[in-house]
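J.: Dropping the structure in here first, questions after.
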Amino acid sequence: MPATAQAGETIKIRSAIQHPMITGHTDAGPNVAPRKIIHTFAVAYLGAEVLRVDVAPGIAANPFFAFNLRARSSGDVVFTWIDDTGEVIVETRQLTVT
């Protein structure tokens, strides 16, 4: 995502995470390995959730998301991923609005 934007500008945000997205199905048969997929991706801007994606098991490894966001004022953009094991991954980026 860009580090800066003008007030009212719509910016493109792209987000990817390296994650194996283990479905539990292998060549040895179904449910051989415990399932471990990201099931939720959420983004908050200025303390308010602006995007939530409920991810289905068919998503590819290392998922990529892209969306638009209107820059209102300077603040944090917080990205949160949650997987089946309860692991929560959070990344924060600062957006400076001029």
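The values are calculated or read from the model by the stated rules, or taken from the named source; none is laboratory data. It should be emphasised that the depicted structure is a prediction, and the values quoted were computed from it without experimental measurement. FYI the Cβ positions are ideal-geometry reconstructions off the backbone, even for glycines, and counts take in every protein chain you see.
J.: What do you reckon, is Ala71 modelled with pLDDT of 85 or more and exposed (fewer than 12 other Cβ atoms within 10 Å of the Cβ)?
T.: When the stated conditions are applied, Ala71 does not pass them.
J.: Of all residues in region 50-83, which are among the hydroxyl-bearing types (Ser, Thr, Tyr) and free of Cβ contacts under 8 Å to residues at least 60 places away in the same chain? Before you say what the answer is, go through the steps one by one.
T.: Taking region 50-83 first, the residues among the hydroxyl-bearing types (Ser, Thr, Tyr) are 73-74, 80.
Listed by number, the residues that qualify are Ser74, Thr80.
J.: From Pro2, Pro34, which residue is part of a loop (DSSP other than H, G, I, E, B), touching a residue at least 60 places away in the same chain (Cβ under 8 Å) and not hydroxyl-bearing (Ser, Thr, Tyr)?
T.: One residue alone meets the criteria, Pro2.
J.: Return the residues of region 37-66 that are outside any strand (DSSP E or B) and out of contact with any strand residue (DSSP E or B) (no Cβ under 7 Å at 6 or more places or on another chain); say none if nothing qualifies. Before the answer, list the steps.
T.: Pass one, region 37-66, residues outside any strand (DSSP E or B): 37, 46-47, 55-63.
Hits for region 37-66 are Gly47, Ala56, Pro57, Gly58, Ile59, Ala60, Ala61.
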